[in-house]
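Structure record follows, encoded as structure tokens.
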Amino acid sequence: MVTFSVLPKFRIPPTGSLRRRRASFAARRLTAALCAGLALLFAIEAVVSQTGTAPVAVAARPIARGEIIGADDVEVIRFPVVAVTASMTDSIDELIGNVAYIDIGGGDPVLTSMTRAAPLVPPGNTVVEVRLASALDELATGDRVKLVSALGCADGGHSSDGGSNENGTQTDTSPSYGTAATCVLADDALVMGVNEADPDAESGYGTVQRKASFAMPADAAVRVMQSQEAGAIVAVMR
């Protein structure tokens, strides 16, 4: 019977020999080279992930709270992938027509939480432009407010603390401190738009008036139109 063996073909140098040391050194160099190659590969992948970009909608200019966002107010630029969050959007169409809920700086990403849909006139309501004596810099489209007259409830409306007079009209039972009792003309007026203050138009109380459009029921609108001809109307945040 003939037997074959491949073991004699592999002549392993004896331990401590020069050839054994050289082979061991070469193996270590090969291992080090492989590790360096893997480290370089991982580094390249990390750099690629850092420099990869994705489209993000940003403000093309500063947008003030309460402004309705137009097509020229936003643009899409590319952001590093690692900086993109779920609250960002790459759709300009998703933002156009919305109202800015906060001030947005030029170049800042427009997050979905920064805008809200423009308000629609509720059924049965009408829109009235009202001259306000109150300095409400925080008043923004979509807010809901109370409209209050400083002249009291001479004809309709109700006072803020719920007292009643002999005719059934509610009056203010708290001290007036030399002024007429305040009167709520509209309990829930929806802000449809805010105009810039007019420095040339002052109320009888020495404050600059500003105009804003409100949606409200017809009876409240009549009270507001009658009252604003007689005296100051202020908007109170709900």
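The values are calculated or read from the model by the stated rules, or taken from the named source; none is laboratory data. Here the structure is a predicted model, which is why all the values come from computation and not from measurement. Positions of Cβ are generated from backbone atoms using ideal geometry, with glycine treated the same way; all protein chains shown enter the neighbour counts.
Within the range 134-146, is there a residue that is hydroxyl-bearing (Ser, Thr, Tyr), at pLDDT below 85, out of contact with any Asp or Glu (no Cβ under 9 Å at 6 or more places or on another chain) and surrounded by 13 or more Cβ atoms within 10 Å (Cβ to Cβ)?
The answer is yes; a qualifying residue exists.
Residue check: is THR169 under 27 Å from ASP103 (Cβ atoms), at pLDDT below 70 and among the polar types (S, T, N, Q)? Show your work before the answer.
Values: under 27 Å from ASP103 (Cβ atoms): no; at pLDDT below 70: yes; among the polar types (S, T, N, Q): yes.
It is false that THR169 is under 27 Å from ASP103 (Cβ atoms), at pLDDT below 70 and among the polar types (S, T, N, Q).
So how many residues does the range 75-98 have that are of a type outside the set (Val, Ile, Thr), under 28 Å from PRO119 (Cβ atoms), surrounded by 13 or more Cβ atoms within 10 Å (Cβ to Cβ) and in contact (Cβ under 8 Å) with a residue 24 or more places away in the chain?
Step one: list which residues in the range 75-98 are of a type outside the set (Val, Ile, Thr), which gives 75, 78-80, 83, 86-88, 90-91, 93-95, 97-98.
Those left that are additionally under 28 Å from PRO119 (Cβ atoms): 75, 86-88, 90-91, 93-95, 97-98.
Still in the running and surrounded by 13 or more Cβ atoms within 10 Å (Cβ to Cβ): 75, 88, 90, 94-95, 97-98.
Then keep just the ones that are in contact (Cβ under 8 Å) with a residue 24 or more places away in the chain; that gives 88, 90, 94-95, 97-98.
Total meeting the criteria: 6.
Got a number for residues in the range 69-110 being modelled with pLDDT of 90 or more, farther than 15 Å from PRO55 by Cβ and of a type in the set (A, V, I, L, M, F, W, C)?
Matching residues across the range 69-110 total 6.
Here's the yes/no breakdown for (1) in contact with a Leu (Cβ under 9 Å, 6 or more places away or on another chain); (2) charged (D, E, K, R); (3) assigned to a loop (DSSP other than H, G, I, E, B):
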position: VAL56; (1), (2), (3): no, no, no
position: GLY70; (1), (2), (3): no, no, yes
position: GLU75; (1), (2), (3): no, yes, no
position: THR85; (1), (2), (3): yes, no, yes
position: ILE92; (1), (2), (3): no, no, yes
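Checking the condition under 31 Å from the mean Cα position of the chain (by Cα) and at pLDDT 85 or above, which residue from ALA189, ALA218, ALA197 passes?
ALA189
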